[in-house]
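> Dropping a structure here in structure tokens format, bear with me for questions.
Any read-out appearing in this document is the output of simple, stated calculations on the displayed coordinates, not a laboratory observation. Computed from a predicted structure; not experimentally measured. All Cβ positions, even for glycine, are placed from backbone atoms using ideal geometry, and neighbour counts span all protein chains on display.
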Amino acid sequence: MSRLIAIAVREYLAFVRTVGFWLSMCLMPAGLLIAIYATSVTNKVAPPPQVAVVDLSGGGFTPALVQALQSPTDPSQRPAVIVAAPGAPFASADAAAAALRPYLAGETRTPGGARLDAVAIVSGDPADPALNLWTRDIVEPGLKGRLTGALADAVRHARLAASGLTPAQIAAIDAYQPQVAQFSPKSEAGRVSARDNLPAFVGLAMGFVLYALTLTGAGILLNSVIEEKSNRILEVLLTSASVPEIIGGKILGAAAVTASALTVWASVAGFGFFGRDPRMLGEIAGVLMHNGLIFYFALYFVGGYLMYATLFTTIGAFCETPRDAQTLLGPLMILLTVPIVFMGQAVTHPDAPILRLLSWIPPFTPFLMAARAASGPPLWEIAGTATMMFAVTALELWVAGRAFRTGALASGRLDLRLLVAGAMGRGER
């Protein structure tokens, strides 16, 4: 055990002393904070869109469209600046489009020097108008939806007024909101609350964290084993420590490195995210402690990390260069994309037959079972999937113990036959 700890400490110090480790420690939180505040910062620094409204229908829809553009209900959308349409009035929608296209293309500016970003042209019968939205850019999120909703409301109000309803009656109809409550037998209170949905998001986050740590640990373990094999350090280690001690020490050291990085990143993320709503941190802590959910996550977290770490360590022993490792990592990375595709579905449809089936396949088990935590899988399913996952991990450790020495002492390019022979215990001794 002392040799295992010594190898783990050596592995840990070898990485934390590198410049790249500290760069990643600093740059990742910076990127995370930028991602958290990117939307609000972008909305503040981006210029508001310059929009012209042309109503050729005679229905008086301009005030409603202007109100929707200047006062969006979604805070992530920018208020627009209304500018007069150059060359108005127009004889038709086609004439308006032809006259305003040079302004949208950037070939010319309005008489006031403004840049025209979009033009909303309303035409046709006032009882059933058509809206043509011309924009400078093809992708223009928000404007189409705001204008469509505003025009639909204006037409509905006009039709209700034409049927004899007073403005007060129309306002009462618009203000009506049905009382809808969601209930579920899986909610302790019966009525579903925001707190009941929190475990689903926590489970999904845990699945993605495990995925990120798996990839991080893979790089650490592969680079460590390949470098020490090329420098013949592995041969020295094999003379002074057993294979299980070497593998265990390397996995423990890599886990310590990723845990250190995760602690820093989680602290920064908590400061950036929970700083907006400190109560959320307490609610998440309560969710993790409720019904032992934190132990549920720890079970699959430890099992999943150990399963993949053992696999990557063994692969590294048979590779001379990172290029050799890529030939084996390629299929594994394709395999690792499967749970990512289904993790979102595991939150919304946790009891879907295909997801329950995939949860029993060990490479997918830790990710999908973490995402399905909120659905409260039955105890027999938790016990069964965890048992199968740890059984595969134990088998990997047994095979790794037989194959690691063969790979570490082998020379030359990657040979799949040697890998199989080493796994079966028939390689070099």
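> Could you work out how much longer the chain between Phe208 and Ala46 gets when fully extended? Use 0.36 nm per residue separation minus the Cα distance between them, nm to one decimal.
Taking 0.36 nm per residue and subtracting the Cα distance, the gain is 55.2 nm.
> Mean shadow of the stretch 181-259, computed from the convex hull of its alpha carbons, in nm²?
So the mean shadow area of the Cα hull is 7.4 nm².
> Along the Cα-to-Cβ line of Asn231, 7 Å from the Cα, sits a label point; which residues in the stretch 1-26 have backbone N less than 16 Å from it?
Output list for this probe position: 7-21.
> Val302 to Ser242: extension gain in nm, 0.36 nm per residue of separation minus the Cα-Cα distance?
In short, 19.3 nm is gained.
> OK, next. Would you mind checking which residues have amide H under 5 Å from Asp55's amide H? H placed 1.01 Å from N; only 5 or more apart, or other chain.
Val122
> Beta carbons within 10 angstrom, averaged per residue: use that to sort the peptides 99-111, 357-369, 171-183, highest first.
357-369, 99-111, 171-183
> If I model a spin label as a point 7 Å beyond the Cα along the Cα-Cβ vector, how far apart are those points for Trp398 and Ser2 in nm?
So the label points at Trp398 and Ser2 sit 3.1 nm apart.
> How many angstrom separate the Cα center of the stretch 116-137 from the Cα center of the stretch 204-248?
Cα centres, the stretch 116-137 to the stretch 204-248: 61 Å.
> Placing +1 at every Lys and Arg Cβ and -1 at every Asp and Glu Cβ, with all other atoms neutral, what dipole size does the stretch 49-165 have around its Cα centre, in debye to the nearest 20?
Computed charge dipole of the stretch 49-165: roughly 200 debye.
> While we're on this one: In nm, give the distance between the simple-model label positions of Ala172 and Lys186, each being 7 Å from the Cα along the Cα-to-Cβ direction.
Result: 4.2 nm between the two label points.
> Along the charge dipole of the stretch 57-166, pointing to its positive end and built from +1/-1 on Cβ of Lys, Arg, Asp and Glu, which listed residue (Ser71, Val139, Pro86) has its Cα farthest out?
Value computed over the given set: Ser71.
> Also, I was wondering about something else. Between Thr148 and Ser76, what length comes free when the chain is fully extended (0.36 nm per residue of separation minus the Cα-Cα distance, one decimal in nm)?
Additional length available on full extension: 24.1 nm.
> Just order 50-59, 305-314, 223-232, 132-141 by mean Cβ neighbour count inside 10 Å, highest at the front, would you?
Put in order of decreasing packing, that is 305-314, 50-59, 223-232, 132-141.
> Take every DSSP beta bridge with both residues inside the stretch 49-165 and express the antiparallel ones as a percent of the total, to the nearest 5.
That works out to approximately 55 percent antiparallel.
> If you take the beta carbon distance between Glu283 and Ala352 as r and set R0 to 35 Å, what does 1/(1 + (r/R0)^6) give as a FRET efficiency, to the nearest 0.05?
0.80
> Related question: Consider a paramagnetic label point 7 Å from the Cα of Leu215 along Cα→Cβ; state which residues of the stretch 290-331 have an amide N under 11 Å from it.
none
> Give the relative contact order (percent, whole number) for the stretch 49-165; include only Cα pairs under 8 Å separated by 6+ residues.
32
> Under a crude label model (7 Å from the Cα following the beta-carbon direction), how far is Glu381 from Leu23 in nanometres?
4.5
> Okay, moving on. For the stretch 136-269, go through all pairs of different Cα atoms, get the mean of 1/r, take its inverse, and jot down that Kirkwood value in Å.
It works out to 22.2 Å.
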